[in-house]
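A.B. asks: Sharing a structure, written as structure tokens. Questions coming.
Values in this text are rule-based calculations from the coordinates and carry no lab data. The structure displayed is predicted, hence computed values, not measured ones. Cβ placement follows ideal geometry from the backbone for every residue including glycine, while neighbour counts extend to all protein chains displayed.
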Amino acid sequence: ARMTAASRHTGPGRTKDGHPVALLANIGTPQDAQIAAATDVEGVGLFRTEVLFLGHHAAPTVEEQTEIYREALAPFGDRPVVVRTLDAGADKPLDFATTGETAPEESNPALGVRGLRLSLRNPDLLTDQLRALARAAELTGTPVRVMAPMVSTTAEATWFAEQAHEQGLASVGVMIEVPAAALRAENILGAVDFGSVGTNDLAQYTMAADRTLGPLAELLDPWQPATLDLLARAADGARAADRPLGVCGESAGDPLMACVLTGLGVSSLSMTAGRVGLVRFALGTHTLATCREMASAARAADSALLAREAALRLADDTL
Ligand code: PEP
Ligand code: MG
């Protein structure tokens, strides 16, 4: 039986046989929020808050932050928004996000004090942000879930959850974007409520290839077998810990990869709002069983190109 065009192009994400996969937007500003909220995305899977403060020399106050978060949350009403705490450092330098010590020049900033590692060394910055988020959530009524970037250990996840709970934020998650976190996902996710794989950084750290270097694009391809293996390992860990796992890296917006991720057991996909329609269509054309076959076929291949081809061979002609 053919589904109607409407059933494939709007509404919540579902495979052809009705298995739900939440389709969420990645945003960085209140402007992005307006655009994404006008579509039928089910919420936000990644709000990159550091984007708001690029170029700021001084740390924003709690009041300033509350206002800008309120502006970004309000358009979503009762749709949940996953807010990532400041992911400063490496490719997203923020002047004011320092450790408080005289900042040593890092020769490898991607391997340096970035993301949650910075929060651990400058907890006041994190406390201010969590406080502002709790206030903005209260003002808008929008369900806020906070998520930490660059988590590598269970101790880091536990510490972050404590900080969030202290500010009254009940739903806490971590990004899985360091291979150590993918390998130990069961334990790490056990310390929080949910996880989300950042495939951009996971690919960078798995393949030891700087994500900002164009000539390394082939190594950074999320279809690389080693990166797929770690994704699968993270999905298995999430299942064992009984925690939902999403993907919020660029790969979530690739319709074929979206099917593979669904086959691996991922329950939400967050992407640029403009990609949601394509991904909804791709999921709606394939059963969960086919998605699982695609995932197995991709994982059996020994190169990124062959993995993609293997998944494509199982895809509906329309993809
Ligand atoms: C990622 O690393 O995949 C991710 C979603 O975060 P960012 O691209 O902001 O590092
Ligand atoms: Mg990242």
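A.B. asks: Taking 0.36 nm per intervening residue step and subtracting the Cα-Cα distance, what contour gain separates Ala110 from Glu64 on full extension?
C.D. replies: Length gained, Ala110 through Glu64: 13.7 nm.
A.B. asks: Just want to confirm a number: the relative contact order over the chain, from Cα pairs under 8 angstrom separated by 6+ residues, in percent.
C.D. replies: Value for the chain: 19 percent.
A.B. asks: On a full-extension model of 0.36 nm per residue, what is the gain between Asp78 and Leu139, subtracting their alpha-carbon distance, rounded to one decimal in nm?
C.D. replies: That pair, Asp78 and Leu139, stretches by 20.7 nm at full extension.
A.B. asks: Still on this structure: Between His57 and Ser171, what is 0.36 nm times their sequence separation minus the Cα-Cα distance? Round to one decimal in nm.
C.D. replies: Net length gain for the segment: 38.0 nm.
A.B. asks: Say a paramagnetic label sat at a point 7 Å from the Cα of Asn187, along Cα to Cβ; which residues of region 134-168 have their backbone N under 19 Å from it?
C.D. replies: Hits in region 134-168 for Asn187 at 19 Å: 150-162.
A.B. asks: A further question follows. Could you put Phe96, Phe160, Phe281 in order, starting from the residue whose Cβ has the fewest other Cβ atoms within 10 Å?
C.D. replies: Phe96, Phe281, Phe160
A.B. asks: Okay, moving on. In whole angstrom, note down how far apart the Cα centers of region 227-275 and region 54-128 are.
C.D. replies: Measuring centre to centre over Cα atoms gives 25 Å.
A.B. asks: For the chain, take every pair of Cα atoms, bin their distances at 10 Å starting from 0, and report each bin as a whole percent.
C.D. replies: Once binned at 10 Å, the Cα pair distances of the chain give 6, 27, 35, 23, 7, 1, 0.
A.B. asks: Next question. Ala38 label point, 7 Å along Cα→Cβ, cut-off 17 Å on backbone N: hits in region 46-81?
C.D. replies: 72-77
A.B. asks: Next up: Run through the DSSP bridge list for the chain and note the antiparallel percent, rounded to the nearest 5.
C.D. replies: 5 percent
A.B. asks: Given points 7 Å out from each Cα along the Cα-Cβ axis, report the Phe96 to Thr272 separation in nanometres with one decimal.
C.D. replies: So the two model labels end up 2.9 nm from each other.
A.B. asks: Here's something else I'd like to know. Would you be so kind as to identify which of Ala170, Thr127, Thr61 lies farthest towards the positive end of the dipole of the chain, taking Lys and Arg as +1 and Asp and Glu as -1 on Cβ and the Cα centre as origin?
C.D. replies: Ala170
A.B. asks: Show that you can apply the helix-only estimate: for the chain, add -39,500 (n - 2.57) for every DSSP H stretch of four or more residues, divide by all residues, and state [θ] at 222 nm to the nearest 500.
C.D. replies: -13000 deg cm²/dmol
A.B. asks: If you don't mind, another one. Indicate the gyration tensor shape class of region 185-265 (rounded, prolate or oblate), computed on the Cα atoms with a ≥ b ≥ c the square roots of the eigenvalues: a/c under 1.5 is rounded; otherwise a/b larger than b/c is prolate and the rest oblate.
C.D. replies: Prolate shape, in that a/c is at least 1.5 and a/b is the bigger ratio.
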